[in-house]
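Please read the structure below before turning to the comments.
The values are calculated or read from the model by the stated rules, or taken from the named source; none is laboratory data. Computed from a predicted structure; not experimentally measured. Glycine also receives a Cβ, built like all others from the backbone with ideal geometry; neighbour counts cover every protein chain displayed.
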Amino acid sequence: MKAIIIGAGIGGMCAAIALKRCGIDSVVFEAVKEIKPVGAAISIWPNGVKCLNYLGMKDALRAIGGPMHYMAYKDYQSAETLTQFSLEPLVQDSGERPYPVARAELQAMLLDNWGRDKVQFGKRVSRVEQQSDSVTAYFDDGTTASGDLLIACDGTHSVIRQSVLGHAAERRYAGYVNWNGLVEIDESLAAADHWTTFVGEGKRVSLMPIAGNRFYFFFDVPLPKGLAEDRRSLRDDLSRYFSGWAAPVQHLIAQLNPETTNRVEIHDIEPFARLVHGRVALLGDAAHSTTPDIGQGGCAAMEDAVVLAMALQSNSLSIEDSLLRYQLKRADRVKELVLKARKRCDVTHAKDPAVTTEWYAGLRQENGDRIISGMCETIQGGPLA
């Protein structure tokens, strides 16, 4: 059996590694000539950690993961702690720790595990065509590749998705803009082993420790899409949006490097039940594009990869049957994650200001049990719970 994998991002590389573990050959094609990860960092929660452990990267992940042991919410003006609690109950319930990591380092870990020289870069797919016993990918450079199945890991702007669904899937603007990047850890900003989030006015400023004595930071602001903002105005934009916020937020804005800070308008896609068509399967953002509000986008792609490889390894009726079993196991799971992230997005970004104000008040009464319970419920839905 030979699989064609379109896309060498997190989902594509995890799929290739998972298939190899199950004794299935694959070839990976990537549109760009050099991968530059979108976003500065990613939080890998225990469900994703277990997938990477299963794929043989337990030690490698720990080497790049940050020491995140506590969680704290702070008032946006006073920096008063609204709630603070240990993540140890999450670890004990799930059996693993969360690991925030730099996206570039995660991507490098995956490529090194698979073999960089085995990825065919500069191969942008234009269409796919299925035969009775195979599938062919056509690339912009005029070349083709054929295999027994094709796994579309070509992201939120997937070219292949429409051929699976039979229609185009429109991206939905979630209503806010996210700025993210990396800075050196400075405890005047936040404790070095805490995930700290300042909240107020429907906005968020968050800091999360990753390896190398660095914080991953992000700012969220509800805004219209399509504003004429770029790196040249970035610091002024953030200073304006966060005027009156606490001193740590002002210090963070002063410290960040506009040249390495990303500005992203956040979108998702309405969940769909169909993830496969014949010998073609969608995986990762091509299958379930979500907002980052519960930190499960990358983890869901890792889950996809493990479930898909297991389905192909353990079922023998046909490739088409195996892919349908993958769809059966994943469609409801990823729909739940997309909608849960959307719901969280609306609460934290003041889609209904009264609901968000109620959430702020509830944080002052929070001892961590409710938040961790929600996290555990999400994590335990993974395939390696």
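Points to keep in mind about this one:
- Only one of the numbered conditions (1) under 25 Å from P224 (Cα atoms); (2) out of contact with any Ser or Thr (no Cβ under 7 Å at 6 or more places or on another chain); (3) among the hydroxyl-bearing types (S, T, Y) is not met by S289, and that is (2).
- Filtered residue count, segment 179-228, keeping only those that are of a type in the set (D, E) and within 20 Å of A350 (Cβ to Cβ): 2
- Residue under evaluation V164, criteria (1) closer than 21 Å to Y360 by Cβ; (2) β-branched (V, I, T); (3) part of a helix (DSSP H, G or I), criterion not met: (1)
- Test: residue in segment 207-215 that is more than 16 Å from A40 (Cα to Cα) and surrounded by 16 or more Cβ atoms within 10 Å (Cβ to Cβ): no
- Only one entry in K33, K74, K20, K50 is in a loop (DSSP other than H, G, I, E, B) and among the basic types (K, R), namely K33.
- Scope segment 346-362; condition in a helix (DSSP H, G or I) and either under 25 Å from the mean Cα position of the chain (by Cα) or over 22 Å from F219 (Cβ atoms) (or both); matching residues: D346, V347, T348, A354, T356, E358, W359, A361, G362
The rows are residues; the columns are (1) without any contact (Cβ under 8 Å) to a residue 40 or more places away in the chain; (2) over 22 Å from the mean Cα position of the chain (by Cα).
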position: H167; (1), (2): yes, yes
position: Y173; (1), (2): no, no
position: L189; (1), (2): no, yes
position: W195; (1), (2): no, no
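- Only one entry of A287, A247 meets the criterion of being crowded, with 24+ Cβ neighbours inside 10 Å and of a type in the set (A, V, I, L, M), and that entry is A287.
- Test for E34: is it modelled with pLDDT under 95, of a type in the set (D, E) and either in contact with a strand residue (DSSP E or B) (Cβ under 8 Å, 6 or more places away or on another chain) or surrounded by fewer than 18 Cβ atoms within 10 Å (Cβ to Cβ) (or both): yes
- Note on segment 65-90: residues that are surrounded by fewer than 17 Cβ atoms within 10 Å (Cβ to Cβ) and among the charged types (D, E, K, R) total 2.
- Selection count, segment 1-17, where residues are of a type in the set (A, V, I, L, M) and either within 28 Å of F219 (Cβ to Cβ) or assigned to a strand (DSSP E or B) (or both): 5
- Checked against the criterion of being part of a loop (DSSP other than H, G, I, E, B) and closer than 24 Å to C22 by Cα, segment 302-315 contains one or more residues that satisfy it.
- Which listed residue, of G56, G39, G66, G48, is farther than 26 Å from S146 by Cα and in contact with a Pro (Cβ under 6 Å, 6 or more places away or on another chain): G66
- Counting the residues of segment 172-210 that are of a type outside the set (D, E), assigned to a loop (DSSP other than H, G, I, E, B) and either at pLDDT below 95 or farther than 20 Å from Y70 by Cβ (or both) gives 1.
- Checked against the criterion of being surrounded by fewer than 18 Cβ atoms within 10 Å (Cβ to Cβ), under 19 Å from the mean Cα position of the chain (by Cα) and basic (K, R), the candidates R62, R21 yield just one match: R62.
- Some residue of segment 167-183 being of a type in the set (K, R), touching a helix residue (DSSP H, G or I) at 6+ places or on another chain (Cβ under 6 Å) and over 27 Å from K58 (Cα atoms): no
- Of the residues making up segment 334-385, those that are surrounded by 14 or more Cβ atoms within 10 Å (Cβ to Cβ), among the small types (G, A, S) and closer than 29 Å to Y54 by Cβ number 4.
- Selection from segment 149-161 of residues that are among the aliphatic types (A, V, I, L, M) and part of a loop (DSSP other than H, G, I, E, B): V159, I160
- From the list A301, A273, A331, the lone residue that is among the aliphatic types (A, V, I, L, M), touching a residue at least 12 places away in the same chain (Cβ under 8 Å), within 27 Å of A152 (Cα to Cα) and crowded, with 24+ Cβ neighbours inside 10 Å is A301.
- Residue within segment 239-260 that is assigned to a strand (DSSP E or B) and under 18 Å from I42 (Cα atoms) present: no
- Number of positions in segment 1-16 that are buried (at least 24 other Cβ atoms within 10 Å of the Cβ), touching a strand residue (DSSP E or B) at 6+ places or on another chain (Cβ under 9 Å) and either closer than 23 Å to I379 by Cα or not β-branched (V, I, T) (or both): 9
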